[in-house]
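Heads up: the structure comes next, in C-alpha cells.
The values are calculated or read from the model by the stated rules, or taken from the named source; none is laboratory data. This one's a predicted model, so the numbers in the text were calculated from it and none came from an experiment. All Cβ positions, glycine included, derive from the backbone under ideal geometry; neighbour counts span all protein chains shown.
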Amino acid sequence: MFDYILFDLDGTVSDPKVGICTSVQYGLSKMGIDVPDINVLTPFIGPPLRDSFRDFYHIKDEDIEKVVAFYRERFSTVGLFENELYPGIEELLSTLKKNGKKLALASSKPRVFVVKILDYFGITGYFDVVMGSELDGTRENKVEIIEESLRLLFEGETPDLEKCVMVGDRKYDVEAAAKVGLKGIGVTYGYGSREELVNAGADIICDSVEELKNLLLS
C-alpha cells in the first residue's frame, strides 16, 4: 500500500514521557513555576517545545529561550535517555525494511537529540532519512519537517505522494501530512486520543503496533 513511510518519534516509536515531562518540570521550576505532578505535562509531548511553553504556561516571548535552555539543561544529559521503545516497534521497523520499504523519522524534536535517541536504542540503521528541527527553532514546523524528509527520500525528485504516509500519535502529525498531501495514520497507543486524531482528519487509525504492522505490510 505504502512504499515510503514517515514516522513521528515521541508517542509513536518511543515513549518519552518521563524524560520530557520531568525536564519540562525542571525548566518551569527554574522560572518559579511549581508543577508537582509530571502527568499534567503530557500535552508537551508532540508539539514544538516553544509553542507549548507559550500555550500551556503563558511564558512570555522574551523568556522563551531562557526556559527552553533550562529544559535542555536536563533533557540533553538525562532526559533523552528516560525513554523506551514501544513493544514491537523494532520488529516493525525491521520487517518493513526487509519488505523493501523506505523509512524516515520525521520529528519536531531537534535533530541532534533525535539521532542520539535512535542511536541509544540501536535503531538508526532502519531509517533512510532522519529529520528534525534545529536547536534555534529552525524547521520546527511539522510541515517543513515532512517536506524536507520527502525531498531527501526522493533525492530531490518530485515525490510520489500516493505511495507515502505519515504515522503519528498527535493531531500535529495528521494535520501536517494533509497539508503536504500525504495520508495520515494516527496511532492511539501514544499521547493523542482517538477523538483528537479523528477530528484532525486521520485517514486510518491503529490501536496497536501489531495493527500498524499489518496495515503497513498489506
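Does the range 1-48 hold any residues that are acidic (Asp, Glu) and out of contact with any Gly (no Cβ under 6 Å at 6 or more places or on another chain), and which are they?
ASP3, ASP10, ASP15, ASP34, ASP37
Is it true that some residue in the range 177-186 is modelled with pLDDT under 95, within 30 Å of ARG72 (Cα to Cα) and in a strand (DSSP E or B)?
no
Let me confirm something: among ILE38, ILE45, which residue is surrounded by 15 or more Cβ atoms within 10 Å (Cβ to Cβ), touching an Asp or Glu at 6+ places or on another chain (Cβ under 6 Å) and either not assigned by TED's automatic domain parsing to the domain that holds LEU152 or not β-branched (Val, Ile, Thr) (or both)?
Only one candidate passes the filter, namely ILE45.
Condition test on VAL68, is it β-branched (Val, Ile, Thr), within 16 Å of GLY137 (Cβ to Cβ) and not assigned by TED's automatic domain parsing to the domain that holds TYR191? I'd like the intermediate steps shown before the answer.
Working: β-branched (Val, Ile, Thr): yes; within 16 Å of GLY137 (Cβ to Cβ): yes; not assigned by TED's automatic domain parsing to the domain that holds TYR191: yes.
So VAL68 passes the test.
Yes/no per residue for (1) over 21 Å from LEU152 (Cβ atoms); (2) among the hydrophobic types (A, V, I, L, M, F, W, C):
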| site | (1), (2) |
| --- | --- |
| LEU80 | yes, yes |
| ASN83 | yes, no |
| GLU91 | yes, no |
| ALA106 | no, yes |
| VAL114 | no, yes |
| VAL130 | no, yes |
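So which of GLU91, GLU62, GLU82 is acidic (Asp, Glu), surrounded by 14 or more Cβ atoms within 10 Å (Cβ to Cβ) and either modelled with pLDDT of 95 or more or in contact with a strand residue (DSSP E or B) (Cβ under 7 Å, 6 or more places away or on another chain) (or both)? Full working, then the answer.
Numbers: GLU91 fails: surrounded by 14 or more Cβ atoms within 10 Å (Cβ to Cβ); GLU62 fails: surrounded by 14 or more Cβ atoms within 10 Å (Cβ to Cβ).
Step by step, each of GLU91, GLU62, GLU82 is checked, and only GLU82 is acidic (Asp, Glu), surrounded by 14 or more Cβ atoms within 10 Å (Cβ to Cβ) and either modelled with pLDDT of 95 or more or in contact with a strand residue (DSSP E or B) (Cβ under 7 Å, 6 or more places away or on another chain) (or both).
All but one of (1) buried (at least 19 other Cβ atoms within 10 Å of the Cβ); (2) touching a Lys or Arg at 6+ places or on another chain (Cβ under 7 Å); (3) part of a helix (DSSP H, G or I) hold for VAL114; state the number of the condition that does not hold.
Unmet condition: (2).
I need a count of the residues in the range 153-176 that are assigned to a loop (DSSP other than H, G, I, E, B) and either surrounded by fewer than 22 Cβ atoms within 10 Å (Cβ to Cβ) or without any contact (Cβ under 8 Å) to a residue 60 or more places away in the chain (or both). Even if it seems obvious, please write down each step before you answer.
We begin by selecting, within the range 153-176, every residue assigned to a loop (DSSP other than H, G, I, E, B); these are 154-160, 169-170.
Next, from what is left, pick out any that are either surrounded by fewer than 22 Cβ atoms within 10 Å (Cβ to Cβ) or without any contact (Cβ under 8 Å) to a residue 60 or more places away in the chain (or both): 154-160.
Looking only at that region, the number is 7.
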